[in-house]
Amino acid sequence: VRWMMYWIVFALFMATETFTDLLISWFPFYYEIKMAFVIWLLSPYTRGASLLYRKFVHPTLSRKEKEIDTYIIQAKEHSYETLVRFGKRGLNMAATAAVQAAAKSQGALAGRLRSFSMQDLRSVPDET
């Protein structure tokens, strides 16, 4: 449970860090403060991640549980539709590529098939 709390808080930290790096990376000792914060989160003595999780993350998730469940259901429904749509598009692209490749090499393919068929006809003994 402790590691789960750490990774959830760390993921939230990384998500916010993406934006804050652009805005306040010029601040003196910014990277050192970030490193100290991560150590504080990770340390078993300070239990920073557990503290932040219990104080902020868990209450927020509990309040918004129904909304989150609704979004998950919508994402599940839309993901299936998206998968089907991209699957159809991929199959159409593969079929188009196969037809184009066949059309480009039609002369060589037809000549090769014709040569095989003529050899087969010549190899059959004439019964007349």
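The values are calculated or read from the model by the stated rules, or taken from the named source; none is laboratory data. Quick caveat: nothing in here was measured; it's all calculated off a predicted structure. Glycine also receives a Cβ, built like all others from the backbone with ideal geometry; neighbour counts cover every protein chain displayed. Heads up: the accessible areas ignore ligands, DNA and RNA and are worked out on the full protein's heavy atoms, side chains in. Shrake-Rupley method; radii C 1.70, N 1.55, O 1.52, S 1.80 Å.
For the reader, a short list of remarks on this structure follows.
- Some residue of segment 31-46 being open to solvent by less than 80 Å² (accessible area, probe 1.4 Å), touching a helix residue (DSSP H, G or I) at 6+ places or on another chain (Cβ under 9 Å) and of a type in the set (Phe, Trp, Tyr): yes
- Residues that are more than 14 Å from Leu42 (Cβ to Cβ) and among the hydrophobic types (A, V, I, L, M, F, W, C) were ranked within segment 1-23; the one that is least open to solvent (accessible area, probe 1.4 Å) is Ala15.
- In the set Lys55, Lys76, Lys66, Lys88, only one residue is within 18 Å of Met5 (Cα to Cα) and loosely packed, with under 11 Cβ neighbours inside 10 Å; that residue is Lys55.
- Residues (among the polar types (S, T, N, Q) and at pLDDT below 85) located in segment 50-81: Ser79
- Yes/no for Ala15 being more than 21 Å from the chain's Cα centre (by Cα) and hydrophobic (A, V, I, L, M, F, W, C): no
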